[in-house]
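**Student:** Quick one: the structure is below, and I'll ask about it shortly.
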Amino acid sequence: MVPLLQKMDHPLPVNKVQVGLMDDPGINAANAGGGEFYVTTGLLQQANDDQLRAVLAHEVAHADLGHVAKQQTRGTVATIGAIILDAVVPGSGYVTPLAGQIVLNKYSREAEYQADAHGVEILRRAGFDGRQMMADTLTWLQQTAGPGSGGWFATHPATDDRIQRVQNMP
Ligand SMILES: [Zn+2]
């Protein structure tokens, strides 16, 4: 996650970043603003490294673009040690674990397009094939965390057209 943070337009100092683990079987991740990020246990258990990286790039992009929440729901965040967190979110050993309440942000469709595109850009800056990685991950999310599961799609609307747009990026 740290390499992605360093490639933001407005890089977040690593010591200002907090990552919370939500004990939730659904696949989701969130940016709560102010350097606070959340991932679910379901995401960590089911995503491979590239998928996790792309999801985090998307959330980091939301933060970098200053996207504001339109709707809020709450869940519980488990306390987690930094060493454990590093095992599941590579490079996060330097990141402060966060415990407490999560605010899940729901963004507009337009904000999703922007976060996908900027996430691709951040992945590219970090040396990855961002377009392929983001398109593959959105496809995986659609297959694994389908609409109605209350996870990713409850907070990150639309996907067919998102995949299309990412694939059409230059
Ligand atoms: Zn999003």
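**Student:** Restricted to segment 140-160, and to residues that are surrounded by fewer than 16 Cβ atoms within 10 Å (Cβ to Cβ) and free of Cβ contacts under 8 Å to residues at least 40 places away in the same chain, which residue is farthest from ARG53 (Cα to Cα)?
**Tutor:** Here the answer is GLY148.
**Student:** Considering only residues of segment 10-28 that are free of Cβ contacts under 8 Å to residues at least 60 places away in the same chain and closer than 22 Å to PHE128 by Cβ, which is surrounded by the fewest Cβ atoms within 10 Å (Cβ to Cβ)?
**Tutor:** By that ranking, first place goes to HIS10.
**Student:** Taking segment 34-66 on its own, how many of its residues are at positive phi and in contact (Cβ under 8 Å) with a residue 60 or more places away in the chain?
**Tutor:** Number satisfying all stated conditions: 0.
**Student:** Can I ask one more? Quickly run through segment 22-39 and pick out the residues that are within 22 Å of GLU112 (Cα to Cα) and over 10 Å from the mean Cα position of the chain (by Cα).
**Tutor:** MET22, GLY26, ILE27, ALA32, GLY33, GLY34, GLY35, GLU36
Quick grid of which residues meet (1) among the hydroxyl-bearing types (Ser, Thr, Tyr); (2) in contact with an Asp or Glu (Cβ under 9 Å, 6 or more places away or on another chain):
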site: GLU112; (1), (2): no, no
site: GLY119; (1), (2): no, yes
site: ARG131; (1), (2): no, no
site: THR139; (1), (2): yes, no
site: GLN143; (1), (2): no, no
site: THR155; (1), (2): yes, no
site: ALA158; (1), (2): no, yes
site: ARG165; (1), (2): no, yes
site: MET169; (1), (2): no, yes
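**Student:** Same structure, new question: Report whether or not GLY26 is in a loop (DSSP other than H, G, I, E, B) and small (Gly, Ala, Ser).
**Tutor:** yes
Each reported figure results from applying straightforward, stated rules to the coordinates on display, with no laboratory input. Keep in mind the model is a prediction, meaning the values are calculated, not measured. Neighbour counts are summed over all protein chains in view; Cβ atoms, including those assigned to glycine, are modelled from backbone coordinates with ideal geometry.
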